[in-house]
Amino acid sequence: MKINLVMIVKNEERCLRKCLKAAKPLVDEIIIADTGSSDKTAQIARSMGAKVVDFQWVNDFSAARNFALEHSDADWNLVLDADEYLRPCDRKGLEKLLAHRAGVWLGGITRYDSYRDGEGVSQSTSVLPRLLPKGVGYTGLIHEQPEGNWLCYPLPLSADHDGYLYEDKGERNLPYLRQAVKQYPEDGYYHFQLAYTLRNLKRQEESLEYFRSFYKLVKPEESYRAEGVVLYLYTLLDEGTTECLDEAAGIVEREEASLGSWPDFCFVCGLFYMKRVLSDVAAYEFLLPNIERCYLRCLQIGEKPEMGGVVGTGSFKAAYNLGAWYEVSGQRELAVKYYRMSARAGYGPAKERLKVI
């Protein structure tokens, strides 16, 4: 069985060597399509044993991916970006898994994304179809996806991604996404990606238009639906108007049956009930027990990296919010209990609250 690493790159001298070093033990060959680098990217790639082919950029990420794949003769193609670093994996064990399942299918890797927020650096996970069998290519101008309706099965492959710490590609991606939405107006995926990008650019009000269209268009079985629903809720809470909270209430009620076993959904529900109560205590005081219920449910479910989402919503972040809830409601012993649970995981805000109370 032959496994190749297939990449597209442009000006990736910061991270490419680290990426290739991590992936080399798992693959037979490395094929890299350079889309116009002006730094030492190509030189670094060749020094690491990669075959480098030049691709003239045509404003189409799938075209570049497929050009690179055409230069691979492997049974399976591992697709990475230069700012993704594979964690160690047993090649023989992986081959057994690949050989065990018949037919055409895609292999999913769990990616750990580091990003900056108000607390410093946090992590989230997502399972991405990145191990492609021979003959499967890509479609889509941007945020390209494998062609066909093949099932994706998670593999014991994980990668760390640090690109969000160094570069925000939102402004670069925006015109591509607007073009994709215009070209494929019934494709909920592009509406979701445009909404997500606008949200990251702090253009929440504008993003809501596309979160709403995503929510109408997306099919229940789509893998990105759950993430989209949760980000939709966060955006409504960020806006915080009565109308937005009413809209969020409807979504929470409709989605609880299907998403209630995912810690990220339970976590944002806890935030929703808190904001709802604070918006009008007299009218919504009856919702107070739901705050506690949601965060306890997060801890009951636990961390689910294979489901994607923010690291900590099933552990230390939920424990911290539960501690805060018990503190403001005058239940000091319980507050200390859950702050300590959060602090044991190394969560800084919990350590600070313990010093105070």
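The values are calculated or read from the model by the stated rules, or taken from the named source; none is laboratory data. Owing to the predicted nature of the structure, the values given are computational and were not obtained by experimental measurement. Don't worry about glycine lacking a Cβ; one is built from the backbone with ideal geometry, like all the others, and counts go over all protein chains shown. These accessible areas exclude ligands, DNA and RNA; they are computed on the full protein's heavy atoms, side chains included. Shrake-Rupley method; radii C 1.70, N 1.55, O 1.52, S 1.80 Å.
Table for the structure above
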{"item": "Dipole moment magnitude, nearest 20 debye, region 277-353 about Cα centre, only Lys, Arg, Asp, Glu C-beta charged", "result": "320"}
{"item": "Angle between the chain longest axis and helix 263-279 axis [Cα atoms, degrees, rounded to 10]", "result": "40"}
{"item": "Å² of accessible area per residue within the chain, as computed with a 1.4 Å probe and no ligands counted", "result": "49"}
{"item": "Cα-based helix-to-principal-axis angle, 316-328 vs the chain, degrees rounded to 10", "result": "10"}
{"item": "Positive-end residue, region 290-357 charge dipole about Cα centroid, Cβ charges, pick of Leu334, Phe316, Leu299", "result": "Leu334"}
{"item": "Interchain or long-range residues, amide H under 5 Å from Cys152's placed H", "result": "Leu106"}
{"item": "Relative packing of 114-120, 295-301, which averages over residues the other C-beta atoms within 10 Å, highest first", "result": "295-301, 114-120"}
{"item": "Given (i) 20.6, 63; (ii) 22.1, 68; (iii) 18.5, 53, the label whose value is Rg and Dmax of the Cα atoms in Å derived from this model", "result": "(ii)"}
{"item": "Cα centre as origin, Lys/Arg/Asp/Glu Cβ charges: region 68-184 dipole, Debye", "result": "420"}
{"item": "Solvent-accessible ranking of Phe61, Phe211, largest area first, probe 1.4 Å", "result": "Phe61, Phe211"}
{"item": "Whole-percent carbon and sulfur share, accessible surface of region 94-242, 1.4 Å", "result": "48"}
{"item": "Volume of the Cα convex hull of region 139-195, divided per residue and given in Å³", "result": "108"}
{"item": "Between region 277-303 and region 1-79, the Cα center-to-center distance that results, in Å", "result": "48"}
{"item": "Accessible surface of region 1-60 [probe 1.4 Å, protein heavy atoms]: carbon and sulfur percent", "result": "44"}
{"item": "With Cα atoms, 0 to 90° folded angle of helix 188-200 axis to the chain main axis", "result": "70"}
{"item": "Two-site label geometry, Gln183 and Glu171: point separation in nm, points 7 Å out along Cα→Cβ", "result": "2.4"}
{"item": "The chain - mean residue ellipticity at 222 nm from DSSP helices (-39,500 (n - 2.57) per run, n ≥ 4, rounded to 500)", "result": "-15500 deg cm²/dmol"}
{"item": "Of all accessible heavy-atom area on region 248-357, the percent that carbon and sulfur account for (1.4 Å)", "result": "56"}
